[in-house]
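As structure tokens, the structure follows; a few thoughts come after it.
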Amino acid sequence: MQERDAGFALVGLESSLFFESPEEIYARVFQELKPRAKAPRIRVEYCRFANADCFVRLEDGGLHLRVSDLFQGAPAPVVEALAHILLCKLFRREVPKTFARRYKMYLNRKEVRRQAHLVRQIRGRKFLSGPQGAHHNLDELFDRLNITYFDGLLGRPSLGWSRGASRAMLGHFDPSHNAIIISRVFDTETAPALALEYVMFHEMLHLRHPVDHAGVRRRVHTREFREAEKNFPHYKEAKELLKRI
Ligand SMILES: [Zn+2]
């Protein structure tokens, strides 16, 4: 084992990566981060998650990785980047920028995004309450805003209320399910109607302005998006109301 590792070091990083299995990559990264620790048994399990989630656990001298199958067959340098990210998280260390960047680059590649999108669509179960709340109907609200601000040209996605009255996530557009979810925090008698309208308007802009993907960047709120957002009358007032929610 020792001899072989030394040999690999001589032939250089790229070629050593080429020959390594995912388990070997994790073992090597583990040793890099914890040179004095005993090498753990390593088990890499590819799971059919609904997203790119990955989990790592260290117990009883074993390192168990549960990795989204989006990474199955990923090039070795990407597996290596993911190994650094997961193990740095495990040991509460800062992830080196090169690995964070490589990982993001991979997930941002067109074919990977397409695959991730499909996987979410097929595997992700979506909770959708339907548009009718206790006090507001989201279909009606959507139609009204569509006519007022979008010349009625937006196709109406599925609309629903969130399960809980979340203050952290007031609204959300899910492109995989073509759905807009609005926090139930707005479905009360006292919640200001302007705030609800503004949140819906914001999510509707996501239908109009797609996410910008370039390199490692993934820009959800593009400059055009931000400009369009300001067209909402009482924009500042609405923002103020949201701060108080
Ligand atoms: Zn947004």
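Any read-out appearing in this document is the output of simple, stated calculations on the displayed coordinates, not a laboratory observation. All values reported here derive from a predicted model rather than from experimental measurement. Quick reminder, even Gly has a Cβ in these numbers, built from the backbone with ideal geometry, and neighbours come from all protein chains shown.
Backbone amide hydrogens, once placed in the peptide plane, bring HIS172 within less than 5 Å of ILE181, excluding anything fewer than 5 places away on its chain. Here's how it looks for SER129: its modeled amide H is under 5 Å from those of TRP161, which are all 5 or more places away or on a different chain.
Which pairs in the list LYS89/LYS230; LYS110/LYS239; LYS38/LYS97 are over 32 Å apart, alpha-carbon to alpha-carbon? Over 32 Å Cα-Cα: LYS89/LYS230; LYS110/LYS239. Residues in the stretch 37-42 carry Karplus couplings, in order, of 6, 6, 5, x, 5, 10 Hz; the curve used is 6.51 cos²θ - 1.76 cosθ + 1.60 with θ = phi - 60°, and Gly or Pro positions show x. About its Cα centre, the stretch 149-245 has a charge dipole of approximately 400 debye under the convention of +1 per Lys or Arg Cβ and -1 per Asp or Glu Cβ, with nothing else charged.
The 3J(HN,Hα) values that the Karplus relation (6.51, -1.76, 1.60; θ = phi - 60°) gives for the stretch 184-193 are, in residue order, 5, 4, 8, 8, 9, 5, 8, 4, x, 4 Hz. Gly and Pro appear as x.
Placing unit charges on the Cβ atoms of the charged side chains and taking the dipole of the stretch 74-195 about its Cα centre, the candidate lying farthest along the positive direction among GLY160, ASN137, PHE150 is GLY160. With Cβ to Cβ distances under 12 Å as the rule, what net charge do the other residues near GLU237 carry (K, R +1; D, E -1)? Net charge in that neighbourhood comes out at +2. Legend: P(r) of the stretch 138-243 from all alpha carbon pair distances, 5 Å bins from 0, whole percents, reading 2, 12, 22, 25, 22, 12, 4, 1, 0, 0. Largest mean-square fluctuation among PHE225, PHE186, PHE91, in a Gaussian network model of the chain whose springs join Cα atoms under 10 Å apart, belongs to PHE91. Out of all Cα-Cα pairs in the chain, roughly what percent, to the nearest whole number, are more than 26 Å apart? Beyond 26 Å sits 53 percent of the P(r) for the chain.
For the chain, the dipole from Cβ point charges (+1 on Lys and Arg, -1 on Asp and Glu) about the Cα centre works out to 500 debye, to the nearest 20. Under a Cβ-Cβ cut-off of 12 Å, what is the net charge of the residues other than CYS88 that fall near it, where Lys and Arg count +1 and Asp and Glu count -1? My count for the surroundings of CYS88 gives +3. With a cut-off of 15 Å between beta carbons, the residues surrounding GLY62 carry a summed charge of +2, where Lys and Arg count +1 and Asp and Glu -1.
If you take the alpha carbon atoms of the stretch 88-185 and fit the smallest convex hull around them, that volume is 168 Å³ per residue. Highest mean packing comes first when the peptides 194-203, 171-180 are listed by Cβ atoms within 10 Å, giving 194-203, 171-180.
Normalised by 2.2 N^0.38 Å, where N counts its residues, the alpha-carbon radius of gyration of the stretch 2-123 equals 1.08.
Multiplying the residue separation of ALA168 and ALA50 by 0.36 nm and removing their Cα-Cα distance gives an extension gain of 40.3 nm.
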